[in-house]
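All remarks here apply to the structure that follows.
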Amino acid sequence: MGKVKGKPGPLARRPDNSAFKQQRLPAWSPMLTANTVLPFFYFMALICMLLGVWLLLTVQRTQEVKMDYTKAGECSRCFEKLKNESNAGQSCICTVVLHIEKPLKGDVFFYYGLKNFHQNLRRYMDSRDDGQMVGRKTNLKNPSSYCMPFDRDQNGLPIAPCGAVANSMFNDSFTLYYNKLGSPVKVPLLRRGISWYTDKNVKYRNPKMDNLTLAQVFEGTAKPLFWQKPVYELDPFDQTNNGFINDDLIVWMREAAFPNFKKLYGVLHRGDDPFTKGLPAGTYTIEISYNFPVQHFQGRKELVLTTLTWFGGQNHFLPIAYLVTSSLILLVAIVLTVVWWKFGKTGMNMEE
Amino acid sequence: MAFWRRNTLVERERHVKANARDYNDKFSYTDNHIKTSKYNILTFLPLNLFEQLQRVANAYFIVLLILQLIPAISSLSWFTTIVPLLLVLLITAVKDATDDYFRHKNDKQVNNRQSQVLIRGSLQNEKWMNVRVGDIIKLENNQFVAADILLLCSSEPNGLCYIETAELDGETNLKVRQALTVTSDLGDVSKLVDFDGEVVCEPPNNKLDKFIGTLCWRDSKYPLDNDRMLLRGCVLRNTECCFGMVIFAGLQTKLMQNCGITKFKRTSIDKLMNTLVLWIFAFLICMGVILAIGNTIWESRIGRRFQVFLPWTEFQSSAVFSGFLTFWSYIINLNTVVPISLYVSVEVLRLGHSYFINWDKRMYHGPTNTAAVARTTTLNEELGQVQFIFSDKTGTLTQNIMVFSKCSINGQTYGDIYDEFDQKMENTEGTACVDFSFNPLCDRRFKFYDSSLVDAVKLEDPAMQEFFRLLALCHTVMPEEKTEGHLVYQAQSPDEAALVTAARNFGFVFRARTPETITLCEMGQAVAYQLLAILDFNNVRKRMSVIVRNPQGQIKLYSKGADTVIFDRLDPSSEDLMYTTSEHLSEFGGEGLRTLALAYKDLDEKEFEVWMEKLQFAGTVIENREDRLAVLYEEIEQGLKGATAIEDKLQEGVPETITCLNLADIKIWVLTGDKLETAMNIGYSCNMLRDDMNEVFVMSGHTLLEVQQQLRSAKEHILGLSRVGSAGDVEKSDMFADSVFEETIIAEYALVINGHSLAHALEPQLEHVLLDLACLCKTVICCRVTPMQKAQVVELVKRHKRAVTLAIGDGANDVSMIKTAHIGVGISGQEGMQAALASDYSFAQFRYLRRLLLVHGRWSYFRMCHFLCYFFYKNFAFTLVHFWYGFFCGFSAQTVYDQWFITLFNIVYTSLPVLAMGLFDQDVNDHISLRHPSLYRPGQQNLLFNKRQFFLCTLQGVCTSFLLFFIPYGAFSVMVREDGSHFSDQQAFSVTIATSLVIVVSVQIGLDTHYWTAVNHFFIWGSLTLYFVILFALQSNGMFGIFPSHFPFVGTARNCLSEKSVWLVILLTTVVCVVPGLVVSFLRIDLFPTPTDKVRHQLQSRKRQRPQEQNLRQSRRTSSRRSAYAFSHQQGYGELITSGKNMRTSRVSTARSAQRTQHSSNWIENVLKRKNEVSCISDESTEAPEKSDRT
């Protein structure tokens, strides 16, 4: 404080006459007046209204078909079977029937959904090793302590991929048949490219191969306890979709924010008739390999088929929220206008 | 400054032996080294860290850090706490280091002052810090006294020396000290070397006017009192040199003991802030408990079954234990609700505000080259809440430089300047001064603007000549002519110096005096007057006269004094002149000038001889000598002729400032050591007392009962008048005279109370009555108060009124009050620096107080309040999202945000805009602030930040966090990406909320900012940009590649923020979060506008027309009351002069009669005795023996 500058002369300590030091910087001092606030409110109401209407119209065009298959039809058999813990690991195949009344036009997305499954528990979310999943060899053999108790199997072998997240990977699989005139046609699903580019190419990498096969690379590691297949055999049809870069694994590893969530299973391949324009209306049979136990935590499993709009899937929340907001703002704006007109307009409150 | 820490043994009595270092070393007295700094290079880091960690907030974060290191409960990485904590510690450490550096520099400068010390038989130059108790040191004229020393001898006759004690008690007049007769002839180094007297005296204490000790030398004992002591901080004046023996050194000197222990002052906002932080802690714990209970329930109902996928850890034996762990995890998670950067941000803001005060060129005083300095950087916002100002008078309200500015001679006024149209002109810097070059002996610093007076003098008008002759003759000033024509006047009071200097410049130069003669140089000719008698000044007479014989042989009596006193004694023949002069005096008085009437009388020889004989007879009588003298003085002063008038200035702009501060509802109390008369005068001239006031109560009782009586009756008077029907019920009115009632008093009262009465009134049983009465009065003036009483008065108000007090003063006598008050302001530049050094703010002129309070104080308060509101809002909005998320994630203490976001949110993303607002925001600019003092009131009423405001802004924060969480929740529970890949993952959710949050709080700060400078724009837009830059950087491939486990969010921002739906969510969230606040503030402004809103509104509507400068300058009082003769000097100096004791060249005439010499040899006792009367007022115990002494 009180720095004395080396300036000579009688006015040596005179402070500089700069706008900054004298706190006279040119400035804009806005004030909330009726002239600015009221038009702003009407404008906001209008904008929200337009957005809401537009979104609503867009959403109306989308279609969504949902089916809870936890205990549906044949699958209740599998559900009961899995209730018995000793049957865990045994596969159980069931089929369910799905009726689609209106054809789903355009790209159709096939999701599996889980209810009451907490992927967002802190210890669950932490129970993974990103270092291992990015292919670091040291982490492969020495999983992070965060993975406990899913870091090593009972023989002490390191588990790859370790942790509770990977361990609990959703392992039901679906095959969809379109019952066209009595003869079922398998609906072609694209099961690849369903994850983010960054995940597939940056976040998850297999350990360096060095001319070894994937199985050799993963030698000395154990598969997660609940898995039926080791990580390098997840996709029996496509070797490049195995290991840590398996799309299903990646999708699963992106933990959901809420206990009810759905994850992408596949996208309709629109290469051949009758699926070039989407899914035609009719009856579909879904063959489910029912493996994932949900009965312990009273969870539900479901299948979702949906088409998309420019802002994502069928989402009624946004348009409605916008419309509600717009009407509220409009209401407030009208009330404010009345209040202003009655009390504040003449500026009588401003008299001193 | 705990300087007794080393001496655990309490000193009972001090033994000091001169020239015997070995002997004195036995007692290990403190040396003269002064240390106010806290650290050195080595101790800085540990000490400073230790100190900082003692603060609750910092300690809290350390505890938090430890919690975070426990894996079972760590819900956040350690870096979320350590990074902000380190930053906070670092900033504080840098600030402390700079502060200490300046303290080191000051200490060094003082400690290295040179002083001459007698060591081993010769005088050697030593640094101050090496001076030790028992040393004999030599002081020269105009040197500061290095320690408390016993005066042994001086170069002046009779072992006299003069000191100025401005640094100690604020009085500028010279004081006399005399050495003991036995030591006064030691004035030679060789004799001093052999001096081996031993002083036994009281231990160090802080009583400036008391010293008791004995000198034992050559087997006899001599009593010592305060008049033998030169205290550290005094300046030797008018004395060539003197020798003294060091009794107290360094921190044990009376000066340093008076500095007291610097209390760390805290502002009320600080205290409130601490309370609020405690509340937040409590709130945090509540949330923790709620969530922990939630966790227990969840774990026992759902989590237990989810163990297949997520088994409990081995020590998590039960749901309850899990709840317990969750509690701690949530404490960590929600810790950001206690703002870590709050304290450091507040410090930064205050520092900035302090710099703005230092930089204010409108508080810079050119003539003394003094800029305002904020010495304490922690009190700024308190400046916006001041309710009571306690002001010293001399040097604070008044300049204490007397200037001869106007006069009325023989019915004609001089001193106003008129332009060519005969209009009075304001005196500005550009006005041309009168040219005094005709007078070779003139004082070049003297300025006068009315040239007609000089012209009149040159015309040799007899009245004019008599006027200046009187000024040149009738005084007790001592001239000093070092070189030919270079005159220096030594006056006991600045008034006299001013008058004599005026006469000197107008051609009547007072050149020399002996006990019998006064030599003038009248218009270039030397004229010697024979001085026949000086009729000295005293408080009762309120005048002084001289009787001289001029070269023509005529005997003349010249008199000057209070106008009423002089007018009473005027010859009836000059009645007309008296009326005109009286009018002129009123005019001068109205302008705040101190006035004085002059008169003269021709005496004939016979008359004088008779009188002189009587006088000499009276002088020999011991009993009632003074009374008899007074009667005689009275006799000869009858029938004076002619009158004229003069001067003294208040500081510039004092009445305006006081009026303005009064409009801002600030009560100003004047506490002065001056006499009642003088104090009331100043009261009138600075508009604090007015003739149209209903009543001015003067309390001057001498006993407790009397004072009680007076206070009661005054109060009854006020209450009785204002409350019809309940008069007489004293007890009741005592009870109900509370602040609510105060408001209803319309009539204006003033209270003047003197030191005697104040001493009684401050007794516990009366203090409430005093306080009530004082608060009922518009103006309170306390006169004749001791420094201690000043502090007591401040303390009284502080204790009972819960109001922010500010004390302003310039002298060392104000130090105690400056330190006691919430805010101490020192006037620097004039006298000593004691007050300024002890103060929190210092500047050169009283009028800057207006700017300090109404502009800087108001802004600081305004800014700080808005800053705090926003800060709490921001932190609640930020943190509580975790709370809501708890209900969806099984109360597992999962964070919503990325850890990096939590780390950086407060210190990077949102710190700068709010700092910019806290530094630069202005609701109205400084001109408007000054023009509308009423805008100051919200601060006094604590309206802008209090518990209610805190509650409101946290409520806003909670609501915002609720919307911030649930709108994205609603959207995300069903959201799908455009490419169909599912999207409701935690990371995307986190980025969406974080982005919404940053945008919402940025918009909110934008709405809260009243004054958008370029800096604000830069910081707000910059922070937003920075957020996105850092977001993408932290989630980039590169960062992930290096530390995969620390940057798991790789690519989320890219994938998430490229979605239209995410932006729709962000837009919606922002609108919904901001609109309610906007509505509320619009309604508030529209329906219940604050005074500030009104002023702003007026400004907006009047933007095109230039606002008219509203003149705050109130019309001058047109008062019949005039300042009385307000000499500040002591009685007794007349005797001093006629005795010739203080004449350097001993030209003392032998023709003086024996009685005369005998009578005058008592002069110094008289001077000292009278002085004691003044200084012992507060000391009841010493008063009784004192009286018996005199009679």
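The values are calculated or read from the model by the stated rules, or taken from the named source; none is laboratory data. Values in this document were obtained by computation on a predicted structure and should not be read as measured data. Heads up, the Cβs are rebuilt from the backbone with ideal geometry, glycines too, and the neighbour counts pull from every protein chain shown. These accessible areas exclude ligands, DNA and RNA; they are computed on the full protein's heavy atoms, side chains included. Shrake-Rupley method; radii C 1.70, N 1.55, O 1.52, S 1.80 Å.
Please go through the stretch B:34-46 and pick out each residue that is open to solvent by 70 Å² or more (accessible area, probe 1.4 Å) and either of a type in the set (A, V, I, L, M) or under 29 Å from the mean Cα position of the chain (by Cα) (or both). Selection gives B:Lys35, B:Lys38, B:Ile41, B:Leu42, B:Leu45. The set of residues in the stretch A:102-116 being within 8 Å of chain B (Cβ to nearest Cβ) and part of a loop (DSSP other than H, G, I, E, B) consists of A:Asp107, A:Asn116. Restricting B:Thr92, B:Thr98 to those that are free of Cβ contacts under 8 Å to residues at least 12 places away in the same chain, within 29 Å of B:Gly352 (Cβ to Cβ) and among the hydroxyl-bearing types (Ser, Thr, Tyr) reduces the list to B:Thr98.
When the test is whether a residue is surrounded by fewer than 17 Cβ atoms within 10 Å (Cβ to Cβ) and closer than 24 Å to A:Thr309 by Cβ, A:Leu57 passes it. Residues that are touching a helix residue (DSSP H, G or I) at 6+ places or on another chain (Cβ under 8 Å) and within 14 Å of another protein chain (Cβ to nearest Cβ): which helices (runs of 4 or more DSSP H) entirely in the stretch B:8-126 hold 1 or more of them? Those helices (runs of 4 or more DSSP H) span B:56-68, B:79-111. Of all residues in the stretch B:899-926, those being under 18 Å from B:Ala988 (Cα atoms) and surrounded by 22 or more Cβ atoms within 10 Å (Cβ to Cβ) number 4. Per the conditions (1) under 29 Å from the mean Cα position of the chain (by Cα); (2) away from every other protein chain (no Cβ under 14 Å); (3) open to solvent by 10 Å² or more (accessible area, probe 1.4 Å), the sole criterion not satisfied by B:Ser318 is (1).
Residues of the stretch A:274-290 that are open to solvent by 20 Å² or more (accessible area, probe 1.4 Å) and touching a Cys at 6+ places or on another chain (Cβ under 9 Å): A:Glu287, A:Ser289. Evaluation of B:Cys161 against the conditions (1) on the phi < 0 side of the Ramachandran plot; (2) out of contact with any Leu (no Cβ under 8 Å at 6 or more places or on another chain); (3) not β-branched (Val, Ile, Thr) shows that the sole unmet condition is (2).
Pairs meeting the criteria (first residue in the stretch A:36-63 and outside any helix (DSSP H, G or I), second residue of a type in the set (Gly, Ala, Ser), beta carbons under 8 Å, at least 6 apart or on different chains) are A:Thr62/A:Gly313. For the stretch B:884-898, a residue qualifies if it is assigned to a helix (DSSP H, G or I) and surrounded by fewer than 24 Cβ atoms within 10 Å (Cβ to Cβ), and exactly one does: B:Trp884. Once the stretch B:250-300 is narrowed to residues that are small (Gly, Ala, Ser) and open to solvent by 30 Å² or more (accessible area, probe 1.4 Å), the residue that is modelled with the highest pLDDT is B:Ala282. Condition check for B:Ile137 on (1) outside any strand (DSSP E or B); (2) open to solvent by less than 10 Å² (accessible area, probe 1.4 Å): one failure, at (1). Of the residues making up the stretch A:231-248, not a single one is in contact with an Asp or Glu (Cβ under 9 Å, 6 or more places away or on another chain), in contact (Cβ under 8 Å) with a residue 60 or more places away in the chain, more than 14 Å from every other protein chain (Cβ to nearest Cβ) and not aliphatic (A, V, I, L, M). Within the stretch A:149-164, the set of residues being within 12 Å of chain B (Cβ to nearest Cβ) and in contact with a Cys (Cβ under 9 Å, 6 or more places away or on another chain) comprises A:Phe150, A:Gly163, A:Ala164.
In this entry, B:Asn58 passes the filter for residues that are modelled with pLDDT under 85 and within 33 Å of the chain's Cα centre (by Cα). Among the conditions (1) open to solvent by less than 20 Å² (accessible area, probe 1.4 Å); (2) assigned to a loop (DSSP other than H, G, I, E, B); (3) touching a Gly at 6+ places or on another chain (Cβ under 8 Å), the only one that A:Phe258 does not satisfy is (3). Taken over the stretch A:181-216, the residue count meeting the criterion of being buried (at least 16 other Cβ atoms within 10 Å of the Cβ), away from every other protein chain (no Cβ under 14 Å) and free of Cβ contacts under 8 Å to residues at least 60 places away in the same chain is 1. Among residues that are more than 23 Å from the chain's Cα centre (by Cα) and of a type in the set (Ser, Thr, Tyr), A:Thr198 is not included. Scanning the stretch B:397-414 for residues that are open to solvent by less than 10 Å² (accessible area, probe 1.4 Å) and modelled with pLDDT of 75 or more yields B:Leu397, B:Phe404, B:Cys407, B:Ser408, B:Ile409.
Yes/no per residue for (1) closer than 30 Å to B:Leu383 by Cβ; (2) assigned to a loop (DSSP other than H, G, I, E, B); (3) out of contact with any Lys or Arg (no Cβ under 7 Å at 6 or more places or on another chain):
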position: B:Thr181; (1), (2), (3): no, yes, yes
position: B:Leu186; (1), (2), (3): no, yes, yes
position: B:Ser190; (1), (2), (3): no, no, yes
position: B:Asp209; (1), (2), (3): no, yes, yes
position: B:Pro223; (1), (2), (3): no, no, yes
position: B:Gly233; (1), (2), (3): yes, yes, yes
position: B:Asn274; (1), (2), (3): yes, no, yes
position: B:Phe281; (1), (2), (3): yes, no, yes
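Can A:Ile320 be described as away from chain B (no Cβ under 14 Å), within 25 Å of the chain's Cα centre (by Cα) and either surrounded by fewer than 18 Cβ atoms within 10 Å (Cβ to Cβ) or touching a residue at least 40 places away in the same chain (Cβ under 8 Å) (or both)? Judged against the criteria, A:Ile320 is not a match. Selection of first residues in the stretch B:605-619 that are assigned to a helix (DSSP H, G or I) and of second residues that are open to solvent by less than 30 Å² (accessible area, probe 1.4 Å) and at pLDDT 80 or above, restricted to Cβ pairs under 6 Å at least 6 apart or on distinct chains, gives the following pairs, ordered by first then second residue: B:Phe608/B:Ile555.
Among residues of the stretch B:1002-1019 that are facing chain A (nearest Cβ under 7 Å), those with a Cβ under 7 angstrom from a residue that is of a type in the set (D, E, K, R) and open to solvent by less than 30 Å² (accessible area, probe 1.4 Å), sequence gap 6+ or separate chain, pair up as B:His1010/B:Asp921; B:His1010/B:Asp923; B:Tyr1011/B:Asp921. Exactly one residue out of B:Leu1057, B:Leu1031 is within 53 Å of the chain's Cα centre (by Cα) and farther than 25 Å from A:Phe40 by Cβ: that is B:Leu1031. Counting the residues of the stretch A:323-341 that are open to solvent by 20 Å² or more (accessible area, probe 1.4 Å) and either within 10 Å of chain B (Cβ to nearest Cβ) or under 25 Å from A:Pro259 (Cα atoms) (or both) gives 6.
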